[in-house]
Structure formats: structure tokens, C-alpha cells
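Data first, discussion second: the structure below is written as C-alpha cells.
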Amino acid sequence: MTEHVLQMDDVTKTFGSGRTEVRALKKTSLDVNRGEVIAIIGPSGSGKSTLLTIAGGLQGPTGGEVRIAGERITELGEKDRSKVRLEHVGFILQSSNLVPFLTVSDQLKLLDKVKKGNMKKDERDGLLEELGITKLAKKYPNDLSGGERQRVAIAKALYSNPSLLLADEPTASLDSDRAFEVMKLLKSAAVKKNAATIVVTHDTRLTDYVDKVYKMVDGVLHLEADKGGAEPLEEGRTDFLEKGGNEDGI
Ligand code: ADP
Ligand code: MG
């Protein structure tokens, strides 16, 4: 069993060339362990989304190596890479990952068709309840507010029990109480499911529930705070989460 769910070694990303060259990511190394939640803060345009999408294999780096659950995804072709993504990675991206022509409940059912090891019914119901979206099951993404869509996107990402959860500003359209609840939920899920989670946020108040805080400035990642284990979580609202890691036992 590998401790690290995500390993990034000397990863770089350059867009364009010559006068239009942008070095979005300078040599970056980052490991995230099972059960760990890390936050990445930093100004707009500093490279946070680039890092996150490379971490999840949505785009390739210019240089360096990325391993997810021990698999060197940088050496895989697109087909194998998408298999690793489906099996191991959950995304909560800024552009909503919802399918416009499916209801909320059908978004989850679709995952059951393509992948095993998703949440069972009780756990799913608990998750929807915790996120306050139980009543939205029959609605389509277009009928939802920005905050509701964001919470459905969170539910969809957690539903598949990913080993690696990548969230880009997951609480941007939520009020602060709700945003705190979501951060707690992400931490509980990481601990109970043995998953690694990266949360990009500009909201430094949300970093109480994370284990490490990194700051991205001009494509360079700095460790700002290592809390050696985040705030212990009181049992309670996230009890519905069942223990268990990824079926593959990575
Ligand atoms: P952040 O998420 O921190 O706001 P990004 O990772 O989106 O930053 O962008 C980092 C830099 O890379 C920016 O200068 C941005 O314009 C540039 N960039 C990002 N994606 C692309 C792309 N597909 N093509 C060209 N430049 C890009
Ligand atoms: Mg971004």
C-alpha cells in the first residue's frame, strides 16, 4: 500500500513559446498522503488550476512526473489515463462537472453504470442530506442556483469514493456557514476513505480543517503551514460516511 496517493516530481508547465510564453508552473514537487487534506491559496493567475488539472491527469505537464495511486500517469496514453481518472480521481472544478440533460439523481446513477465502488444508498442519502440537496434529486442543473450546483458537484465527486479529490474553489458560491460545513465534510471523507484531497481556495478562514497550507505565487509553490494533523473532527454530522478505502487497496 503506498502512503502517497499523489506524487508530483519536478513538474513544470509552459504555455505558448517565444514572446507569448507563460511559465505557469515552475519546478513543482508535491506529495499528498492518504487521509490528508491540503489547501492551496494564492492570487489569480498564479498557477493553481494548472497544478490541479495536471495532478488529476486532465492535462499533461511540460516536464516532470505525476503518479496517482502509484501509477505513472505521465507515461500513459489518453485512454489509460482516463481509466486512472475514472477509477481514482474526483474533480470539483470551477466549470461545473454536471451533465446538463441529467437530473441530480441521474448524475449519480450514471456513475454506477461506468464504475464500481461508489457509495451505497444510505451513505449517498446521508451525503445529499448533509449538503442540503435531498430535495433537488429530480431537478436539472439549469434549474439550480450557483450554490446548489456547487453542492451537487461536491456530492457527485464524493459519491464515487475517489482516492484523490481535487477541488478548485469548491466553496466559492456558498455562504460561510455552508463553506465551513463543506470543508469539514471534505476532511471527514479524506480520513474515512483514506483519500488525499487538494482544495484550491482564496478563503484563508477555511484552512482550519486542512493539514497543510501551500501558497502559489508566480508558478512557485511554497509550504506556508504544516499543522501536523488538522483540527480533530468531532463525530456527528458526518457519521453517515462509511469507512473504507478504494477497493483496489492502493
Ligand atoms: P490560477 O488558477 O491560479 O488563477 P491558472 O493556473 O489558471 O492560475 O493560470 C496560470 C497562468 O497560466 C496564467 O497566466 C494563465 O493565463 C496561464 N494559462 C492557464 N491555462 C492556459 C492555457 N490553456 N493556455 C495559455 N495560458 C494558460
Ligand atoms: Mg484558477
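Computed on the chain, with alpha-carbon pairs under 8 angstrom and 6+ residues apart, the relative contact order is 28 percent. The alpha-carbon of LYS79 sits under 25 angstrom from the alpha-carbons of these lysines, leaving out residues fewer than 8 places away in its chain: LYS13, LYS109, LYS113, LYS115, LYS116, LYS156. Amide H contacts of ILE92 (H built 1.01 Å from N, in plane; Pro and chain starts excluded): LEU166, ALA167, ASP168 sit under 5 Å, all sequence-distant by 5 or more or on other chains. Counting only alpha carbon atoms, the long axis of helix 78-88 and the longest principal axis of the chain meet at about 50°.
Mean-square fluctuations from a GNM of the chain, with a 10 angstrom spring cutoff on Cα atoms, peak among LYS184, LYS121, LYS13 at LYS121. Largest GNM mean-square fluctuation across PRO162, PRO100, PRO170, computed for the chain with C-alpha springs under 10 Å, falls on PRO100. Phi-derived couplings, Karplus 6.51 cos²θ - 1.76 cosθ + 1.60 at θ = phi - 60°, listed residue by residue for segment 30-38: 7, 10, 10, 8, 4, x, 9, 10, 10 Hz, with x used for Gly and Pro. Here the ratio of the Cα radius of gyration of segment 135-195 to 2.2 N^0.38 Å is 1.14.
With one equal scatterer per alpha carbon and no solvent term, the Debye-computed log10 I(q)/I(0) for segment 68-155 at 0.10 1/Å reads -0.30.
Residues whose amide H lies under 5 Å from that of ALA196, counting only those 5 or more places away or on a different chain, are GLY35, LEU164, LEU165; hydrogens are built 1.01 Å from N in the peptide plane.
Note that segment 59-72 has calculated 3J(HN,Hα) couplings of 9, x, x, 6, x, x, 10, 10, 10, 10, 6, x, 7, 6 Hz, one per residue in order, obtained from phi through the Karplus relation 6.51 cos²θ - 1.76 cosθ + 1.60 (θ = phi - 60°); glycine and proline are x.
As a rough footprinting exposure proxy, the listed residues TYR159, TYR214 were ranked by other beta carbons within 10 Å of their own, and the order from fewest upward is TYR159, TYR214. For segment 38-128, the residue among THR74, LEU111, LEU52 whose Cα projects farthest onto the positive side of the dipole built from Cβ charges is LEU111. Each label point was placed 7 Å from the Cα along the Cα-to-Cβ direction; for HIS202 and ASN142 their separation is 3.0 nm. Phi-derived couplings, Karplus 6.51 cos²θ - 1.76 cosθ + 1.60 at θ = phi - 60°, listed residue by residue for segment 124-140: 4, 4, x, 5, 5, 4, 4, 8, x, 10, 3, 6, 8, 3, 8, 8, 9 Hz, with x used for Gly and Pro. With neighbours defined as other Cβ atoms within 10 Å of a residue's Cβ, the residues SER46, SER82 order from fewest to most as SER82, SER46. Restricted to Cα atoms, segment 52-92 shows a radius of gyration and a Dmax of 9.1, 25 angstrom. Computed extension length for PHE240-LYS120: 42.1 nm, one decimal, from 0.36 nm per residue of separation with the Cα-Cα distance subtracted. For segment 115-250, pairs of C-alpha atoms spaced more than 25 angstrom apart make up 27 percent of the total.
Name the residues whose placed amide hydrogens come within less than 5 Å of the amide hydrogen of GLY42, ignoring near sequence neighbours (fewer than 5 apart) on the same chain. Placed amide hydrogens put MET216 under 5 Å from GLY42.
Among beta bridges identified by DSSP and lying wholly in segment 94-250, the antiparallel ones come to about 55 percent.
Placing unit charges on the Cβ atoms only, positive for Lys and Arg and negative for Asp and Glu, gives segment 108-245 a dipole magnitude near 800 debye about its Cα centre.
With R₀ fixed at 35 Å, the C-beta to C-beta distance from VAL220 to ASP177 puts the FRET efficiency at about 0.55. Just so you know, the Cα atoms of segment 17-72 work out to an Rg and Dmax of 12.7, 43 Å.
For the chain, the alpha carbon convex hull comes to 129 Å³ per residue, rounded to a whole number. Given in Å, the Rg to one decimal and the Dmax to the nearest whole number for the Cα atoms of segment 12-129 are 16.9, 55. Each Lys and Arg contributes +1 and each Asp and Glu -1, all at the Cβ; summed about the Cα centre of the chain, the dipole is approximately 700 debye.
Just so you know, all these numbers are worked out from the coordinates, no wet-lab data involved. Worth saying up front: this structure is predicted, and the values here are computed from it rather than measured. In this analysis, Cβ positions are derived from the backbone assuming ideal geometry, glycine residues included, and neighbour counts consider all displayed protein chains.
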